[in-house]
Amino acid sequence: MTTPGAHILVIDDEPQILRALRTILLEKKFHVTTASRGEEGLTLAAADPPDLVILDLGLPDLSGIEVCARLRAWTQAPIIVLSVRDSERDKVAALDRGADDYLTKPFGIEELLARIRVALRHAAQAQGSRATLVRAGPITVDLAGHQVTRDGVEVKLTATEFNLLAYLAANAGRVLTHQAILSHVWGEMDIGQVEYLRVYMRQLRKKLEANPAQPVYLVTEPGVGYRFLADD
């Protein structure tokens with residue numbers, strides 16, 4: 001289910017992508033604005049604030065990372081960045097500057113629409129009362145009660161394991177970078193301890209996933225971070 005009427009701003013310098021996205025998003029009853037340059041996109045966003053931004057990282061005048069940072073200075077609208085396969089460092093930088101998600105070119109339109117639905121839902125929850133129960137298949141995370149169950153049976157977690165899972169679950173659907181997770185759960189002094197984070201993720205998967213080697217809910221975003229996939 002999409003969110004008809006939501007205003008989406010697309011900033012991309014490839015005319016064929018702008019045309020395709022505009023056509024598809026209009027068919028889904030979104031209000032669509034497009035820009036081919038970073039400064040143009042920032043001007044349009046200020047004039048008519050969007051509910052969501054789709055932002056290409058490779059723009060001719062400004063870097064997508066700078067556009068992301070300037071948008072985040074005044075709006076919390078979800079930002080989905082588009083990138084080519086070899087720009088892993090840029091994806092991480094954009095996410096650390098406030099982007100909510102990313103897609104690698106070329107991408108499928110159904111995947112993009114799914115990411116849009118998740119981002120808009122997350123934004124709506126942030127504006128209203130955030131859900132305290134997050135469900136992902138057999139897993140239920142009670143953020144208020146500090147309790148986790150799998151198939152109705154309580155799963156015993158350490159304080160750090162719960163804090164890690166709670167941060168991922170509270171941001172379900174979003175890509176969280178290694179640095180963002182480490183900073184939130186362990187503090188700024190440990191943002192370089194990626195292997196430490198991997199150890200805890202392995203522990204969580206052993207306790208929650210049916211097959212820890214092929215996780216379904218605690219998903220790795222290679223070279224970037226992790227994503228918690230909750231039920232729609």
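Read the figures in this text as sums done on the coordinates, not as results from a lab. The model shown is predicted, which means the values in this text are computed figures rather than measured ones. Ideal geometry is used to build each Cβ from the backbone, glycine not excepted, and the neighbour counts take in all protein chains shown.
Let's see if you can work this out: charge +1 on each Lys and Arg Cβ, -1 on each Asp and Glu Cβ, no other charges. What is the dipole magnitude of region 133-228 about its Cα centre, in debye to the nearest 20?
240 debye
Give the relative contact order (percent, whole number) for the chain; include only Cα pairs under 8 Å separated by 6+ residues.
On the way: 376 pairs, mean separation 31.5, N = 232.
Relative contact order comes out at 14 percent.
Could you name the lysines whose alpha carbon sits less than 25 Å from that of Lys206, not counting residues in the same chain fewer than 8 places away?
Lys156
Under a 10 Å cutoff between Cα atoms, tell me which one of Asp142, Asp96, Asp61 has the largest fluctuation in the Gaussian network model of the chain.
The residue that fluctuates most here is Asp61.
In whole Hz and in residue order, list the ³J(HN,Hα) couplings for region 7-13 that follow from phi through the Karplus curve 6.51 cos²θ - 1.76 cosθ + 1.60, θ = phi - 60°; x for Gly and Pro.
Running phi through 6.51 cos²θ - 1.76 cosθ + 1.60 with θ = phi - 60° gives 8, 10, 9, 10, 10, 7, 8 Hz.
So which lysines pass the test for Lys28, namely a Cα distance under 26 Å, with those fewer than 8 places away in the same chain ruled out?
Lys105
Scan around Val84 for amide H atoms under 5 Å from its own, H built in the peptide plane at 1.01 Å from N, and keep only partners 5 or more places away or cross-chain.
Lys105
For the chain, find the longest principal axis of its Cα atoms and tell me its angle to the long axis of helix 15-27, 0 to 90°, nearest 10.
For helix 15-27, the angle is close to 70 degrees.
I need the calculated FRET efficiency for the pair Ala210 and Thr160, taking r as the beta carbon distance and R₀ as 30 Å, to the nearest 0.05.
0.85
Against the longest principal axis of the chain, how steep is helix 194-208, in degrees 0 to 90 to the nearest 10, with axes from Cα atoms?
Value to nearest ten degrees: 70.
Lys/Arg Cβ at +1, Asp/Glu Cβ at -1, dipole of the chain taken about the Cα centre: which of Ala124, Leu42, Leu157 is farthest positive-ward?
Of the listed residues, the answer is Leu157.
Could you tell me the distance between the Cα centroids of region 27-61 and region 192-216, to the nearest Å?
So the two Cα centres are separated by 37 Å.
Calculated from DSSP H runs of 4 or more alone, at -39500 (n - 2.57) each and per residue, what is the 222 nm mean residue ellipticity of the chain, nearest 500?
-12500 deg cm²/dmol
Give me the dipole magnitude in Debye, nearest 20, for region 4-84 about the Cα centre, with unit charges on the beta carbon: positive for Lys and Arg, negative for Asp and Glu. Before the final figure, lay out each step's value.
Details: 7 positive and 11 negative charges, 56 e Å.
Charge dipole of region 4-84: 260 debye, to the nearest 20.
For the chain, find the longest principal axis of its Cα atoms and tell me its angle to the long axis of helix 38-47, 0 to 90°, nearest 10.
Here the helix axis deviates by roughly 90 degrees.
Would you mind working out the magnitude of the charge dipole of the chain relative to its Cα centre, with +1 at each Lys and Arg C-beta and -1 at each Asp and Glu C-beta, to the nearest 20 Debye?
Roughly 580 debye, rounded to the nearest 20.
Any aspartates and glutamates with Cα under 13 Å of the Lys207 Cα? List them, leaving off those in the same chain fewer than 8 positions away.
Correct list for Lys207: Asp151, Glu154, Glu161.
Mind checking which of His178, Val224, Asn211 is farthest towards the positive end of region 133-228's charge dipole, using Cβ charges of +1 (Lys, Arg) and -1 (Asp, Glu) about the Cα centre?
So the residue furthest toward the plus end is Asn211.
Can you tell which of Asn171, Asn163, Asn211 shows the greatest fluctuation in a Gaussian network model of the chain with Cα springs below 10 Å?
Asn211
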